[in-house]
1. For residues in region 1-30 being touching a residue at least 24 places away in the same chain (Cβ under 8 Å) and over 30 Å from Gly159 (Cβ atoms), which is surrounded by the fewest Cβ atoms within 10 Å (Cβ to Cβ)?
2. Return the residue satisfying two criteria in turn: it lies in region 117-134 and is loosely packed, with under 13 Cβ neighbours inside 10 Å and among the β-branched types (Val, Ile, Thr), and of such residues it is modelled with the lowest pLDDT.
3. Considering each of Met94, Met105 in turn, give the residue that is surrounded by 14 or more Cβ atoms within 10 Å (Cβ to Cβ) and either of a type in the set (Lys, Arg) or within 19 Å of Lys19 (Cβ to Cβ) (or both).
4. Taking Glu84, is it without any contact (Cβ under 8 Å) to a residue 60 or more places away in the chain, within 30 Å of Leu5 (Cα to Cα) and acidic (Asp, Glu)?
5. For Leu35, state whether it is closer than 30 Å to Met173 by Cβ and either exposed (fewer than 14 other Cβ atoms within 10 Å of the Cβ) or out of contact with any Cys (no Cβ under 7 Å at 6 or more places or on another chain) (or both).
6. Name, by its number, the condition in (1) over 28 Å from Leu152 (Cα atoms); (2) surrounded by fewer than 18 Cβ atoms within 10 Å (Cβ to Cβ); (3) modelled with pLDDT of 90 or more that does not hold for Asn78.
7. Can you tell me which condition Arg45 does not meet? The list is (1) within 30 Å of Ala165 (Cβ to Cβ); (2) over 40 Å from the mean Cα position of the chain (by Cα), and all the others hold.
8. Only residues that are within 19 Å of Thr111 (Cβ to Cβ) and β-branched (Val, Ile, Thr): list them for region 134-186, please.
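The values are calculated or read from the model by the stated rules, or taken from the named source; none is laboratory data. What you see is a predicted model, and the numbers here were worked out from it, not measured in a lab. All Cβ positions, glycine included, derive from the backbone under ideal geometry; neighbour counts span all protein chains shown.
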Amino acid sequence: MVELLRQPPSISAEVEKIKEQISDNKNVSVDMENLQPLYETLKQRGEEMIARSGGTDKDVSAKAVQCKVERMVFFWENIHMLVEVREAKLLDVMDLAEKFWCDHMLLVITTKDAQAFIRDLEDPGIDSLVIKQQQEAAESKREEIDGLQEELDIVINLGSELIAACGEPDKPMVKKCVDELHSAWDSLNKAWKDRVDKLE
């Protein structure tokens with residue numbers, strides 16, 4: 001159990017899978033609780049054997065028992081500590097994954113809405129007043145799109161943190177989502193520039 005817990009977990013980047021990993025980690029705690037009576041019994045018997053020997057340094061068997069009891073206590077405490085450390089790590093990554101996927105989804109939707117807005121813009125009018133109104137509407141939308149840059153930067157940073165925190169199998173999936181955001185952002189800006197050029 002100690003060897004298993006000492007190996008860093010390959011944490012998923014998906015919230016539901018992290019919840020499963022947290023549940024598996026809690027199962028180790030349950031197993032430990034089930035073994036608690038046996039642990040206490042073995043510890044008590046070891047201490048009784050040491051006490052019966054009078055605790056003299058000459059008693060080799062008493063020293064061996066004491067060494068085994070100390071080793072058992074060390075492993076027991078180590079397992080509890082490792083379980084707590086692993087749970088804290090899993091909870092941290094789950095918080096990060098929840099934030100990334102939620103913000104990622106919102107940004108994808110907002111970017112698609114902006115692209116739809118650009119596609120649906122009317123062709124430039126003939127009348128100078130109509131053109132001016134179209135340019136003002138376009139400028140207003142441009143400010144809204146520019147505001148998305150900060151959100152994009154936040155999501156990309158969250159993605160980088162999640163890539164660093166999750167296990168190797170999930171890194172490509174998160175990287176692909178971040179790359180798709182970059183691509184969608186570039187497409188949005190190109191479509192916007194092409195549309196605005198027609199109004200000028």
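1. Taking region 1-30 and keeping what is touching a residue at least 24 places away in the same chain (Cβ under 8 Å), we get 1-2, 5-6, 9-15, 18-19, 21-22, 25-26, 28-29.
Then keep just the ones that are over 30 Å from Gly159 (Cβ atoms); that gives 1-2, 28-29.
On the way: Met1: 15, Val2: 11, Val28: 18, Ser29: 14.
Looking at the filtered set, the residue picked out is Val2.
2. Filtering region 117-134 for residues that are loosely packed, with under 13 Cβ neighbours inside 10 Å and among the β-branched types (Val, Ile, Thr), the one modelled with the lowest pLDDT comes out as Ile126.
3. On the way: Met105 fails: surrounded by 14 or more Cβ atoms within 10 Å (Cβ to Cβ).
Checking each option against the conditions leaves just Met94.
4. Values: without any contact (Cβ under 8 Å) to a residue 60 or more places away in the chain: yes; within 30 Å of Leu5 (Cα to Cα): yes; acidic (Asp, Glu): yes.
When the stated conditions are applied, Glu84 passes them.
5. Values: closer than 30 Å to Met173 by Cβ: no; either exposed (fewer than 14 other Cβ atoms within 10 Å of the Cβ) or out of contact with any Cys (no Cβ under 7 Å at 6 or more places or on another chain) (or both): yes.
The answer is no for Leu35.
6. (3)
7. Of everything listed in (1) within 30 Å of Ala165 (Cβ to Cβ); (2) over 40 Å from the mean Cα position of the chain (by Cα), Arg45 misses just condition (1).
8. Matches in region 134-186: Ile145, Ile154, Val155, Ile156, Val174, Val178.
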